[in-house]
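Inspection log for the structure reproduced underneath, given as structure tokens.
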Amino acid sequence: MTFRQQSTSGDLPAQVPESPAAKPRPEWSPRKGIAMLFALATVACVAALAATYVFFVRTTTGQFIDESALVEAVELSGTAGRAATKLLDWLPALSVVIASVVVIFVTILRRRWAAAGIAVAACVGANLATQILKDLLPVRPYRGVETLELNSLPSGHTTMAASAAAAVFLMVSPRWRPLAGFLGGSFAVATGVSTLINQWHRPADVVAAFLVVGAFMIPAGWLVIRTGPRWNVWDGYNQHWASARVWLALPVLVGLAAAGVAVFGLLSIAPGGQESSTTTYFWAGTSLIVITGYLGTVAGVWLFGLAARQGDT
């Protein structure tokens, strides 16, 4: 314990303990290991994006699976197709309105100006990158599969929906992120499936859009945490209804169910299987979209929960 001098009425100074509050408390920052996890997650998104393009666009097997899912979507072009069309028609305005309302509300109410700038910049960057990739990536080479040669990867509608949801996720406080992640992930997945039902995009286009958004939003999230350590604080899961673990359990269960559907369907049409394909590739492609979307949701909630400061530290 340190002491400081205090004058008294006598000749000798009295020794009194210095208040602990006099020492400046070091500002909290995430551990270096957390920064490495964010960097690895960003690299993983970029690598998975490249692998998605190479397999589904440049190989015969990938083209066949992707195109078969698109062709078989005609079977669901009735009521589901009309509902999907309405969602896609409203999607641009809906995404912008939802994200804008939340971002503006949180920014003004909580004064998270830096976080708002970072989230909006990442959102715009992801959508610009999607349009640039559409123009720059080589067209689909002929591999014996009848398909349109023009490049449709990544999906612009899915990028818009996923990036808007991710911007909201970054802006809300940690205790709201599990709920925001589940709702936003569901919105993005529904958008991706709708583009497939309407034959606007193949499954790989949707998966690529998710990965583009991840590549921009993960490093943006790290900057949000670094620039806003005061409000990136929470008490862990189940301390608030919006941070209940059920919001992590639900996407995991849905993802596992989708994986089961995909495996069962593909095995049934494999050599020696019992069925011929009617809508099997469609359901396999839908499962791929669901698995990728919800896997990203769970990973994002877990990573940002790990990076946020605990309330008692």
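On a full-extension model of 0.36 nm per residue, what is the gain between residue 113 and residue 295, subtracting their alpha-carbon distance, rounded to one decimal in nm? Could you put the intermediate results ahead of the total?
Numbers: separation 182, 0.36 × 182 = 65.52 nm, distance 2.96 nm.
Result for the pair: 62.6 nm of gain on full extension.
What accessible area per residue comes out for the stretch 169-313, rounded to a whole number of Å², with a 1.4 Å probe?
Working: 6120 Å² over 145 residues.
In whole numbers, the stretch 169-313 has 42 Å² accessible per residue.
Can you give me the distance in nm between label points at residue 46 and residue 101, each placed 7 Å from the Cα along the Cα-to-Cβ direction?
3.7 nm
On a full-extension model of 0.36 nm per residue, what is the gain between residue 183 and residue 135, subtracting their alpha-carbon distance, rounded to one decimal in nm? Display every interim value, and only then the final one.
Details: separation 48, 0.36 × 48 = 17.28 nm, distance 3.12 nm.
Gain on stretching residue 183 to residue 135: 14.2 nm.
With every protein chain left in place and a probe of 1.4 Å, what is the accessible surface of residue 71, to the nearest 10 Å²?
Counting only protein heavy atoms, the figure is 90 Å².
How much length would be gained if the chain were fully extended between residue 240 and residue 143, taking 0.36 nm per residue of separation minus their Cα-Cα distance, in nm to one decimal? Walk me through the numbers on the way to the answer.
On the way: separation 97, 0.36 × 97 = 34.92 nm, distance 5.29 nm.
Result: 29.6 nm gained on full extension.
Could you check how much of the accessible area of the stretch 167-305 is carbon and sulfur, as a whole percent, using a 1.4 Å probe? Before the final figure, lay out the partial values.
Numbers: 3900 of 5710 Å².
Solvent-exposed carbon and sulfur of the stretch 167-305 make up 68 percent of the total.
The values are calculated or read from the model by the stated rules, or taken from the named source; none is laboratory data. Note that the structure is predicted; figures quoted are calculated from it, not measured. Reconstructed Cβ throughout: ideal geometry from the backbone, glycine too, with neighbour counts over all protein chains shown. When the accessible area is computed, the model is the full protein with side chains, heavy atoms only, and any ligands, DNA or RNA have been set aside. Shrake-Rupley method; radii C 1.70, N 1.55, O 1.52, S 1.80 Å.
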